[in-house]
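Asker: Please read through the structure below; I'll follow up with questions.
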Amino acid sequence: MADDIKAFVTSKALLAAVVYRIPDILAAHGPLTVSDICSKSEPPISPSQTEPLLQLLCSLGIFTLDITSSTFANSPASTLLTRFHWTQWYRWVSVYPGPFYELFTHLPSALPESESRSALQIARGAVADTPTYALLGKEPWYADLQGMMAAGATAQAPGMLKDYDWGDMAKGGRDSAVCDLGGGDGTFMAALLGANEGMYGAVMELERMANVAKEKIFGENGRLAGVKERMIDIHAGDFFNEVPSYSNYVIRWTLHNWGDVDAEKILKKIRGALINREGSRLCIVESVLADGGGGRLGRPALYGSIVMAVGGKGGMERTEKQWEALAEHAGWMVAGIYGLRNCIPSIIDLRPA
């Protein structure tokens, strides 16, 4: 019980370690005493304040401590938090114990049945029908949020690309192109195209992020320019209003932002826009909770449900039965659910009913 009550202490200690780049200092210099770590930080930090922080994180397997030499070193876990690690997990630490933490202080206020607003809406003094992403888009840390989501897509892409047969959607060339709805800066679609020769793709996002994707893919020296010849378009828009027509779609970590009524509206919009050819589908990348909670990776999936509830009333992760019912009401059927290695979500393969 004590660990659960004081879990925020761990989160904030981890945030402090990332802010002062302690994993990077240890990666660059090897095992160091706490005094040496603190002197190499910018700005220098207090050894007496930092040592208990590092001791706590060592007890959790984040960093290691050599008692004989009184030196701290990176562990496999803290190595993930270096700026140069390809998974970019440090971005998650920068957001969750940081700006998300402040939003979570409003969670108890959002629980009464008489309160129509989410914790995010309460925190920002917004009315109940203010869209989640309209509020998030105004946050000074919105770019950090998008960077975190892109990092998550990168870190989990190997499992997503290997454990589902995306190749079927490459056989028809442009006619079987895949549109990533809410596709962020295009990172995942670029990885998907890179792994599937002959596949064509597109991304739809809100205007602000669509412009970022355009720059990364079509801009001069864009980071994702290697796939621009097979990227049909970057669409700026809101999928509640209109969805561009393609033969295949993918939507990742998006439907859990809404309750069934709004999620059904989105699925119906996609179904109405679908160019229905043989093999046409919608791949939903989301957690699938086990009956009673959890799922393949247990607690991380349950965290997601609470995070969604903070962002908007009705936001939720779903069980297999709930996904099947939602799909049926929107004109789809669940053709299969695929677990993905080293990933929190699964792929829910929907076909037109």
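Asker: What number of residues within segment 207-256 satisfy the criterion of being charged (D, E, K, R), out of contact with any Lys or Arg (no Cβ under 7 Å at 6 or more places or on another chain) and assigned to a loop (DSSP other than H, G, I, E, B)?
Answerer: Residues meeting the conditions: 3.
Asker: Okay, next question. Filter segment 1-55 for residues that are within 22 Å of TRP92 (Cα to Cα), surrounded by 17 or more Cβ atoms within 10 Å (Cβ to Cβ), in contact (Cβ under 8 Å) with a residue 40 or more places away in the chain and among the hydrophobic types (A, V, I, L, M, F, W, C) and give the result.
Answerer: Those that are within 22 Å of TRP92 (Cα to Cα), surrounded by 17 or more Cβ atoms within 10 Å (Cβ to Cβ), in contact (Cβ under 8 Å) with a residue 40 or more places away in the chain and among the hydrophobic types (A, V, I, L, M, F, W, C): ALA13, LEU14, LEU15, ALA17, VAL18, ILE22, LEU26, ALA27, LEU53.
Asker: Give me the pairs: first residue in segment 56-85 and within 12 Å of ALA27 (Cα to Cα) and at pLDDT 95 or above, second residue surrounded by fewer than 17 Cβ atoms within 10 Å (Cβ to Cβ) and not hydroxyl-bearing (Ser, Thr, Tyr), beta-carbon distance under 6 Å, and six or more apart or on different chains, which are they?
Answerer: ALA73/PRO31; SER75/GLY61
Asker: Specify which of the listed residues (ASP165, ASP180) is at negative phi, at pLDDT 90 or above and touching an Asp or Glu at 6+ places or on another chain (Cβ under 9 Å).
Answerer: After applying the criteria, what remains is ASP180.
Asker: Would you confirm whether or not segment 88-96 contains a residue that is surrounded by fewer than 17 Cβ atoms within 10 Å (Cβ to Cβ) and either in a loop (DSSP other than H, G, I, E, B) or modelled with pLDDT of 90 or more (or both)?
Answerer: For segment 88-96, residues surrounded by fewer than 17 Cβ atoms within 10 Å (Cβ to Cβ) and either in a loop (DSSP other than H, G, I, E, B) or modelled with pLDDT of 90 or more (or both): absent.
Asker: Name the residues in segment 99-113 that are out of contact with any Phe, Trp or Tyr (no Cβ under 7 Å at 6 or more places or on another chain) and of a type outside the set (D, E, K, R), would you?
Answerer: Hits for segment 99-113 are PHE100, TYR101, LEU103, PHE104, THR105, HIS106, LEU107, PRO108, SER109, ALA110, LEU111, PRO112.
Asker: Working only within segment 123-146, note down all residues that are among the small types (Gly, Ala, Ser) and surrounded by fewer than 19 Cβ atoms within 10 Å (Cβ to Cβ).
Answerer: GLY125, ALA126, ALA128, ALA134, GLY137, ALA143
Asker: Could you tell me whether any residue of segment 301-319 is modelled with pLDDT under 85 and of a type in the set (Phe, Trp, Tyr)?
Answerer: yes
Asker: Could you check segment 134-154 and list, in sequence order, the residues that are under 24 Å from GLY336 (Cβ atoms) and either of a type in the set (A, V, I, L, M) or not in a helix (DSSP H, G or I) (or both)?
Answerer: Correct list: ALA153 only.
Asker: Hey, can you tell me all the residues within segment 272-287 that are in contact with a helix residue (DSSP H, G or I) (Cβ under 7 Å, 6 or more places away or on another chain) and either free of Cβ contacts under 8 Å to residues at least 40 places away in the same chain or among the acidic types (Asp, Glu) (or both)?
Answerer: Across segment 272-287, the qualifying residue is only GLU286.
Asker: Here is a follow-up. For MET199, all conditions in the list (1) in contact (Cβ under 8 Å) with a residue 40 or more places away in the chain; (2) buried (at least 21 other Cβ atoms within 10 Å of the Cβ) hold save one; what is the number of the exception?
Answerer: Only one criterion is unmet by MET199, namely (1).
The values are calculated or read from the model by the stated rules, or taken from the named source; none is laboratory data. These figures come from a predicted structure and were not determined experimentally. When we count neighbours, we look across all protein chains shown, and the Cβ atoms used for this are built from the backbone with ideal geometry, even at glycine.
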